[in-house]
Amino acid sequence: MRVWVPLDAAARALGADEVAEALGREFTITRNGTRGMIWLEPLIEVERDGVRYGYGPVAPEDAASVAEAIRSGGEHPLALGPVEELPWMKAQTRLTFARVGVIDPLSVSEYEAHGGLVGLSRAIEIGPERIVEEVTESGLRGRGGAGFPTGIKWKTVAGAKAARKYIVCNADEGDSGSFADRMLMEGDPLVLIEGMAIAGIATGAVQGYVYIRSEYPDAIRLMEAAIGKARQAGILGQSVLGSAHAYDMEVRVGAGAYVCGEETSLLNSLEGKRGVVRAKPPIPALEGFLGRPTVVNNVISLASVPWILSHGGAEYAKLGIGRSKGTIPIQIAGNVKYGGLFEAAFGMSLGQIINEVGGGTASGRPVKAAQVGGPLGSYIPHWNFDVPFGYEELAGKEGLLGHAGITVFDDTADMLKLARFAMEFCAVESCGKCTPCRIGSIRGVETIDRIAQGDETGIAILTDLCNTMKWGSLCALGGFAPFPVMSALTHFPDDFSGRREPRAIIRSREAAE
């Protein structure tokens, strides 16, 4: 009897390895990715008559009784029934994450049995120009935060004249509350490899790199193992799936600098240089890695391409809202009852995502705000939760979709402290190349501390400082840091007025003096 136990980092942190060891004494264990329902991890699955049944969350001390229930088919308090019938699963539109949690992530045969390599085979058949047309027609945009149309980027690289071109996957997922890239690399790494191979054929690139932050050891290990499996299966190498196209790739590990999530900083780091932002132009599509034309795309952008090629760009474009086409892996975290990854078409309201999918706050208190788009995203107040989840729609509320991470806060949250965290985060992670970000973030922390002491004249200074950072910074780190600060100040002014100096600030200043 085959039993699945997740190897995802979140499941392992909750005891999945110990559960796998205990169950492995009696059953054949397959380590799979997570289904994304983190509150149920470790989620154990067993197949009966072609249906996967779940038990969870299974602690190591529950393993013996769960094993008995699996053997006998009897009742168990942790039994969940068919996993695909759980409300969280049924409500999704799983395209990019269709295989995550379903297959052995390192099995090429299981990958093919569940629709893998169909997109790559079609890409070889239709050729570079048609591939770019399909991706353009799909409306796929960068899922890493910028939202730039993928087809336009690929067309630019395809049309560039150079002796060598590159595909670079930005897997430097540094946003707090974001984990889609990690989940996909740990649960279905072959789909990323397939997407990058398609990008290589489309643009004429024969070499690719996956740049992963060092804090993701499991993702690094699985990606490296999957690349080895792909070479053995002929997916990578001098003849991709027996075609005339050559493409190979490797993993490169970054030291964990947040600014290396910005494409030009990433390229500098990839070249062995200090991770600082480059001025544009030239753009990476013309002069990127080692000065050659380079596609730089996020994990989810590239992993979405195989589905688009296998089903057609027009089918993908039918999903979504406005200029936000297809599906988006929404990552729900913070003070929320049901946290995890939920893939759905663009267009759900923020309120639906937080209150219906996420179940409201874990504390049971009213939601005060949600930060969308990582640590540089705006704090959206609960009265604006009717906003549809889409690029332009969130921008219309002075928000940022970013990497589609949502962090929920209840009514006890202190918005001044959260604004200070955003400024301090920028100060710590700044590469230091431009003055507005390097100095502005430090002055921002100092000014917020003044406001916390009761000096409300600092509010006007903070507003002016944020405007300078927004328009004067060289990249999005300094340019977006004002979003959380100003959204907190605009929507929750009472949290910034009538304050007394917190003891922690007094102690830190006395220590410094």
With only Lys, Arg, Asp and Glu charged, each at its Cβ (+1 for the first two, -1 for the last two), find how big the charge dipole of the chain is about the Cα centre; round to the nearest 20 debye.
-> 1460
Could you sort ARG35, ARG231 by accessible area so the largest value comes first, with the probe set to 1.4 Å?
-> ARG231, ARG35
If R0 = 56 Å, then GLU125 and ALA59, at their Cβ-Cβ distance, give a FRET efficiency to the nearest 0.05 of 0.70
Mean residue ellipticity (222 nm) of the chain, computed from DSSP H runs ≥ 4 via -39,500 (n - 2.57), nearest 500 = -11500 deg cm²/dmol
Treating only the Cβ atoms of Lys and Arg (+1) and Asp and Glu (-1) as charged, compute the dipole magnitude of the stretch 132-263 about its Cα centre; round to the nearest 20 debye.
-> 460
For the chain, what is the accessible area per residue in Å², given a 1.4 Å probe and the full set of protein chains?
-> 39
List, in the order given, every pair from LYS337/LYS417; LYS90/LYS325; LYS161/LYS229; LYS153/LYS470; LYS368/LYS397 whose Cα-Cα distance in the structure shown is over 28 Å.
-> LYS161/LYS229
Of the candidates ALA79, LEU40, LEU106, the farthest towards the positive dipole end of the stretch 1-158 (Lys/Arg Cβ +1, Asp/Glu Cβ -1, centred on the Cα centre) is LEU106
Rounded to a whole number, what % of the accessible area of the chain do carbon and sulfur atoms account for, probe 1.4 Å?
-> 52
Toward the positive end of the charge dipole of the stretch 414-500, about the Cα centre and with charges on Cβ (Lys, Arg +1; Asp, Glu -1), which of PHE421, THR435, PRO493 goes farthest?
-> THR435
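The values are calculated or read from the model by the stated rules, or taken from the named source; none is laboratory data. It should be emphasised that the depicted structure is a prediction, and the values quoted were computed from it without experimental measurement. Glycine gets a Cβ as well: all are built from the backbone with ideal geometry, and neighbour counts include every protein chain shown. SASA here: full protein model, heavy atoms, side chains in, ligands and nucleic acids out. Shrake-Rupley method; radii C 1.70, N 1.55, O 1.52, S 1.80 Å.
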